[in-house]
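Read through the structure below, which is laid out as structure tokens, and then see the notes.
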Amino acid sequence: MRNIEKADFLQTLESTRRDFQKGYYAMYSSIFGGIVTDPVLMLIPVDDHLVHRGDGVFETLKCMDGSIYNMKAHFDRLSTAITRLDYHVKFSLVELGGFAAGTIRAGGHRDCLVRVLLSRGPGGLGVNPYECPQAHVHVIASSLPPSFMKAHPGGARVATSSIPAKHSFFAVIKACNYLPNVLMKKEAVDKAVDFVAGFDEHGYLAEGATENFGIVTHDKRLLFPKADHILPGTTMLRAAKLAEMLVKGGVLKEIGFTDISARDVTGAAEVLILGTTPDVTAVIEFDGRKVGDGTPGPVQQALYALLDHDMRANPAMLTRVL
């Protein structure tokens, strides 16, 4: 162990460079007041309460062909979290959008993920949030993985999670305290499945590690869990809106938000996964049992096509940045 002096600090940082950082394009930090494009400089101070208390919230946006998709919905949800958690924010949502756009431009990639992290800010190593004079924002542009169905067109395998679902107060906030989500992802890897699905204390379907779920019943109803005990996913809500076209076309009878039991899931005609990176994914196996006939169903295929068009060609949902 050695003491690192200021003069040696950058050289020491260089030794931390790793291959997985190649997908980190750019980062803005309001603490430093600018953007860096070298991954080894993408740092957050250790006394930021985001680091040692998980005291922060975030949104992950998708940029496709130089346009951010559904930015307003993401920022509206972020604004709700800011109010609930009483963050002292010095910038507006319009400025936040500017930070995101500037970070994408600096990263130089028209297709990327944009993670906006709002932290309580630096302010001592205690748990007291009043130690922090003001909130800060960190924006990271990184590589965009392919949609799950493009990488795995056959669909996804899912298992029931043993991790307790979050209490409704915390479930509806996209907080950086993600330990339950981390354990759910670990569980999926350990079980050799693609995703796991959580159920609440009453036995009703909740959500995955980073995804929402829905089912299609045999009588053509598209159902999602009640929004008061899950994170109101922007993709889920947008897909529910787009699905109104399927109701008009007779593909679906209705769309609803209700309690969904494990029996409802295993007996469904289709089970869907929805999220920023999964888009609309078909579940072909749940707890080792086939869903439907074990192939992607018609509602998933139709809804996936509607969402893909919405992401690429609906000017009302796109914010051009590059």
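Rule-based calculations on the coordinates, nothing more; no lab input. Keep in mind the model is a prediction, meaning the values are calculated, not measured. Quick reminder, even Gly has a Cβ in these numbers, built from the backbone with ideal geometry, and neighbours come from all protein chains shown.
Taking the number of Cβ atoms within 10 Å of each Cβ as an exposure proxy, the fewest-first ranking of LEU43, LEU246, LEU252 is LEU43, LEU246, LEU252.
Ordered by the number of other Cβ atoms lying within 10 Å of each residue's own Cβ, fewest first, CYS176, CYS112 fall into the sequence CYS176, CYS112. For the residue pairs LYS22/LYS166; LYS72/LYS191; LYS22/LYS72; LYS150/LYS253, alpha carbon separations beyond 31 Å are given by LYS22/LYS166; LYS72/LYS191. With a Förster radius of 51 Å applied to the beta-carbon distance between ALA227 and ALA7, the computed FRET efficiency rounds to 0.40. Here the chain carries DSSP beta bridges of which approximately 80% are antiparallel, counting only pairs with both residues inside.
In this rough spin-label picture, where each label sits 7 Å from Cα along the Cβ direction, the ARG110-ARG263 distance is 5.2 nm. Distance between the 7 Å Cα→Cβ label points at ILE31 and HIS218: 5.6 nm. Potential lengthening of the chain between ASP308 and HIS167 amounts to 47.5 nm, from the contour at 0.36 nm per residue minus the alpha-carbon distance. Contact order for the chain, expressed relative to its length and based on alpha carbon pairs under 8 Å spaced 6+ residues apart, stands at 18 percent.
With the dipole of segment 149-313 worked out from charges on the C-beta (+1 for Lys and Arg, -1 for Asp and Glu) around the Cα centre, which of LEU307, SER162, GLY198 lies farthest toward the positive end? So the residue furthest toward the plus end is LEU307. Shape call for segment 267-322 from the C-alpha gyration tensor, a ≥ b ≥ c root eigenvalues: rounded (a/c under 1.5), prolate (a/b greater than b/c) or oblate? Prolate. Rounded to the nearest 10 degrees, the inclination of helix 93-107 to the longest alpha-carbon principal axis of the chain is 80 degrees. A full extension of the chain between HIS202 and VAL94 corresponds to an added length of 34.8 nm, given 0.36 nm per residue minus the alpha carbon distance. Shape class of segment 137-257 from the Cα gyration tensor (axes a ≥ b ≥ c, square roots of the eigenvalues): rounded, since a/c falls below 1.5.
Extending 7 Å from Cα along the Cβ direction at ASP190 and again at VAL127 yields two label points whose distance is 2.6 nm. Going by neighbour counts of Cβ atoms within 10 Å, the residues GLU270, GLU14, GLU187 line up, fewest first, as GLU14, GLU187, GLU270.
Shown here for segment 44-105: trypsin sites (Lys or Arg not before Pro) in loop regions (DSSP other than H, G, I, E, B) with at most 13 other Cβ atoms within 10 Å, namely LYS90.
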